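Structure, as structure tokens:
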Amino acid sequence: MLRQLRTFPNQLTLLRLVFIPFIVICVLDGTWGWALALFVLAGLSDGLDGLLARLLHQKTELGRFLDPIADKLLLSTLFLVLSFAHKVPWYVTVLVLSRDVCIVAISATIYATTSFRAFKPSLYGKANTVVQVAALFLVLLREIVAVPWIFYAARVGLWSTFALTLISGIHYAFDIGKRVHASTQ
């Protein structure tokens, strides 16, 4: 396990986790430029760790679990802190967090009670993550650059996040149920 932790891609994933409290501090302090810069760096580290894992042949079991955990912690924490700062509506944050908690609970239950292990993200889930990242980027940018199109783009991003979070959560529940049922037949 320690050997897996020392791979460069996994180190980048850990770095993304280190960024989280600093992004929170920046949002709470109202230093929006720093919050946005750290969020962008976290996003770049996310893309880079996957690319390097493939290029350097350093895909690990730890990285397979750690990377999505880091993504969810970053996004969920940012939705939560931005809602406390009154920059993201609570209904969006509650839906995002509820979906993630439900997926973790369903996955943990299935993992603990069956031999099913094929938990792969769906196209809807991937699209949801992309929309969440874009929405958060625009919300942070809106605090730095006060132009109307960014305000409206952030609103569209948040509504899109709401819709895709709902769609991907429902899809996940039905899809995983169908796949688990098929694997036990």
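Every read-out reported here was derived from the displayed coordinates using simple, explicitly stated rules and does not represent laboratory data. Every value quoted in this text rests on a predicted model; they were computed, and no experiment measured them. All Cβ positions, even for glycine, are placed from backbone atoms using ideal geometry, and neighbour counts span all protein chains on display.
Helices meeting the span-like rule in the chain (full DSSP H runs, Cα extent of at least 30 Å along the helix axis, mean Kyte-Doolittle score of 0.5 or higher): 8-29, 32-55, 61-84, 90-113, 148-183. Placing R0 at 25 angstrom, the Cβ-Cβ distance between A173 and A85 gives a FRET efficiency of 0.20 after rounding to 0.05. Residues W90, W149, W32, ranked from the fewest to the most other C-beta atoms within 10 Å, line up as W149, W90, W32. Can you give me the C-alpha center-to-center distance between segment 131-151 and segment 45-92, rounded to a whole angstrom? Spelled out, the Cα-based centre of one part sits 19 Å from the other. Once C-alpha pairs closer than 8 Å and six or more residues apart are averaged by separation and normalised to the residue number of segment 88-185, the relative contact order reads 40 percent.
Going from the residue with the fewest nearby Cβ atoms within 10 Å to the one with the most, T7, T109 rank T109, T7. Taking a point 7 Å out from the Cα of C102 in the direction of its Cβ, the residues of segment 142-167 whose backbone N falls within less than 15 Å of it are 162-167. Cross-link partners of K59 among aspartates and glutamates, defined as those whose alpha carbon lies under 20 angstrom from its own and excluding same-chain residues fewer than eight positions apart: D46, D49, D67, D71. Ordered by the number of other Cβ atoms lying within 10 Å of each residue's own Cβ, fewest first, T77, T161 fall into the sequence T77, T161.
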